[in-house]
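Chemist: Below you'll find the structure I mean.
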Amino acid sequence: MTREKREVIRLIDPSTEGAMSVEAALHARRSVREYDDAPLTLNEVSQLMWAAQGITHPDGLRTAPSAGALYPLNLHLVVGRVEGIGPGVYRYRSTGHSLVKVAEGDRRCDLAAAALKQEQIERCAVVIVLSAVYERVVGKYGARGVCYAHMEVGLAAENVHLQVVALGLGTVMVGAFEDETVQDILGMVSNEKPLVLMPVGRRRE
Ligand SMILES: Cc1cc2nc3c(=O)[nH]c(=O)nc-3n(C[C@H](O)[C@H](O)[C@H](O)COP(=O)(O)O)c2cc1C
């Protein structure tokens with residue numbers, strides 16, 4: 001897909017109010033690997049992207065803290081079933097709270113194969129992929145910048161976990177995968193390292 005033709009989806013503004021307290025979400029959070037076949041809504045996708053890397057301040061500061069506000073993380077969404085948008089690979093743009101389609105087609109099975117055939121990645125509605133571009137932080141912080149990027153992915157992933165619980169959905173951290181295959185599937189450049197996959201779906205009752 002050429003850059004000129006890339007579809008851009010402006011997401012619905014996220015809500016900053018919810019029915020569940022942070023304490024209740026912390027108490028209820030569990031790794032969930034079984035999902036039903038229902039699609040996610042665009043509203044839910046909007047909340048999930050915002051929870052991970054959304055902008056919450058006029059200076060561009062985000063939901064998750066970042067060392068020196070250098071933001072080494074990238075966020076991709078691999079869509080299988082979402083109302084209103086087709087299967088494909090999308091990149092989240094914090095500025096403008098939008099998704100840019102970077103590849104067509106349902107890549108969940110390929111991603112599952114790259115993750116030691118973990119079936120939750122095939123069965124989910126979407127997979128959130130967090131990656132790091134270390135160059136954004138090592139210039140200022142040297143090798144310690146790599147550690148900072150790894151801390152930051154944990155912060156962003158926990159934000160996703162808590163938002164998932166508050167939406168009544170399920171997710172799990174998936175850290176076991178082949179880096180290069182995931183890079184190929186997502187069309188990542190070689191200096192972008194995938195760090196975690198988070199399949200998300202409606203919890204099976
Ligand atoms: C860094 C990290 C990597 C993980 N990788 C996987 C994984 O590849 N597959 C999986 O099913 N669960 C994975 N998990 C989830 C753990 O198995 C889960 O958090 C643990 O069993 C505790 O259960 P809980 O999350 O419900 O409290 C991972 C968790 C973390 C923090």
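Chemist: Between a first residue in segment 50-61 that is within 13 Å of Ala156 (Cα to Cα) and a second residue that is exposed (fewer than 11 other Cβ atoms within 10 Å of the Cβ), which pairs have beta carbons less than 8 Å apart while being 6 or more apart in sequence or on different chains?
Modeler: So the pair list comes out as Ile55/Thr95.
Chemist: Which of (1) in contact (Cβ under 8 Å) with a residue 24 or more places away in the chain; (2) of a type in the set (Val, Ile, Thr); (3) farther than 20 Å from Ala52 by Cα; (4) touching a Gly at 6+ places or on another chain (Cβ under 8 Å) is the odd one out, the single condition Val138 does not satisfy?
Modeler: Every listed condition holds for Val138 apart from (1).
Chemist: While we're here: Determine which member of the set Ala69, Ala25 is hydrophobic (A, V, I, L, M, F, W, C) and at positive phi.
Modeler: On the way: Ala25 fails: at positive phi.
None of the other options fit; the residue is Ala69.
Chemist: Moving on. Any idea which of (1) assigned to a strand (DSSP E or B); (2) farther than 19 Å from Arg203 by Cα; (3) of a type in the set (A, V, I, L, M, F, W, C) is the one Ala64 doesn't satisfy?
Modeler: Here Ala64 clears every test but (1).
Chemist: Looking for whichever is touching a residue at least 60 places away in the same chain (Cβ under 8 Å) and either more than 14 Å from the ligand (Cβ to nearest atom) or in contact with a Gly (Cβ under 6 Å, 6 or more places away or on another chain) (or both) here; the options are Ala143, Ala166. Which one fits?
Modeler: Answer to the selection: Ala166.
Chemist: Can you confirm whether Thr181 is open to solvent by less than 30 Å² (accessible area, probe 1.4 Å), touching a residue at least 60 places away in the same chain (Cβ under 8 Å) and of a type in the set (S, T, N, Q)? Let's see the steps before the verdict.
Modeler: Values: open to solvent by less than 30 Å² (accessible area, probe 1.4 Å): no; touching a residue at least 60 places away in the same chain (Cβ under 8 Å): yes; of a type in the set (S, T, N, Q): yes.
So Thr181 does not fit the description; no.
Chemist: Let me ask you something else. Filtering segment 123-147 down to residues that are in contact with a Phe, Trp or Tyr (Cβ under 8 Å, 6 or more places away or on another chain) and surrounded by fewer than 22 Cβ atoms within 10 Å (Cβ to Cβ), which residue is nearest to Arg81 (Cα to Cα)? Spell out how you get there, then give the answer.
Modeler: Taking segment 123-147 first, the residues in contact with a Phe, Trp or Tyr (Cβ under 8 Å, 6 or more places away or on another chain) are 123-125, 136-137, 141, 145-146.
Now restrict to residues that are surrounded by fewer than 22 Cβ atoms within 10 Å (Cβ to Cβ): 123, 136, 141, 145-146.
Working: Arg123: 10, Arg136: 33, Tyr141: 40, Gly145: 36, Val146: 34 Å.
Looking at the filtered set, the residue picked out is Arg123.
To keep it simple, each residue is scored yes or no on (1) within 16 Å of the ligand (Cβ to nearest atom); (2) out of contact with any helix residue (DSSP H, G or I) (no Cβ under 8 Å at 6 or more places or on another chain); (3) over 28 Å from Glu119 (Cβ atoms); (4) touching a residue at least 12 places away in the same chain (Cβ under 8 Å).
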site	(1), (2), (3), (4)
Glu7	no, yes, yes, yes
Arg10	no, yes, yes, yes
Ser15	no, no, yes, yes
Gly18	no, no, yes, yes
Val22	no, no, yes, yes
Ser31	yes, yes, no, yes
Asp37	no, yes, no, yes
Thr41	no, yes, no, yes
Glu44	no, yes, no, yes
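Chemist: Right, next: Kindly check whether there is at least one residue in segment 52-61 that is part of a strand (DSSP E or B), of a type outside the set (D, E, K, R) and surrounded by 14 or more Cβ atoms within 10 Å (Cβ to Cβ). Don't jump to the end; show me each part of the working.
Modeler: Initial filter on segment 52-61 (part of a strand (DSSP E or B)): 55.
Those left that are additionally of a type outside the set (D, E, K, R): 55.
If we keep only those that are surrounded by 14 or more Cβ atoms within 10 Å (Cβ to Cβ) too, we end up with 55.
Yes, segment 52-61 contains a residue that is part of a strand (DSSP E or B), of a type outside the set (D, E, K, R) and surrounded by 14 or more Cβ atoms within 10 Å (Cβ to Cβ).
Chemist: Return the total of residues in segment 179-204 being in contact with a Phe, Trp or Tyr (Cβ under 8 Å, 6 or more places away or on another chain) and more than 16 Å from the ligand (Cβ to nearest atom).
Modeler: Total meeting the criteria: 2.
Chemist: If you don't mind, there's one more thing I want to ask. Go through segment 92-114 and report how many residues are more than 16 Å from the chain's Cα centre (by Cα) and open to solvent by less than 10 Å² (accessible area, probe 1.4 Å).
Modeler: The qualifying residues number 1.
Chemist: Here's another thing I want to ask about it. Taking the stated definitions as given, is Ala176 surrounded by fewer than 23 Cβ atoms within 10 Å (Cβ to Cβ) and within 15 Å of the ligand (Cβ to nearest atom)?
Modeler: yes
Chemist: Here is a follow-up. Quick check on my filter: what residues within segment 8-31 are more than 20 Å from His76 (Cα to Cα) and open to solvent by less than 90 Å² (accessible area, probe 1.4 Å)? Working first, answer last.
Modeler: The first filter runs over segment 8-31 and keeps only residues more than 20 Å from His76 (Cα to Cα), leaving 15-31.
Those that are more than 20 Å from His76 (Cα to Cα) and open to solvent by less than 90 Å² (accessible area, probe 1.4 Å): Ser15, Gly18, Met20, Ser21, Ala24, Ala25, Ala28, Arg29, Ser31.
The values are calculated or read from the model by the stated rules, or taken from the named source; none is laboratory data. Note that this is a predicted model, so its numbers are computed, not measured. Every residue, glycine among them, receives a Cβ derived from its backbone with ideal geometry; neighbour counts consider all protein chains shown. The protein model used for the area step is the full one, side chains on, heavy atoms only, and it has no ligands, DNA or RNA in it. Shrake-Rupley method; radii C 1.70, N 1.55, O 1.52, S 1.80 Å.
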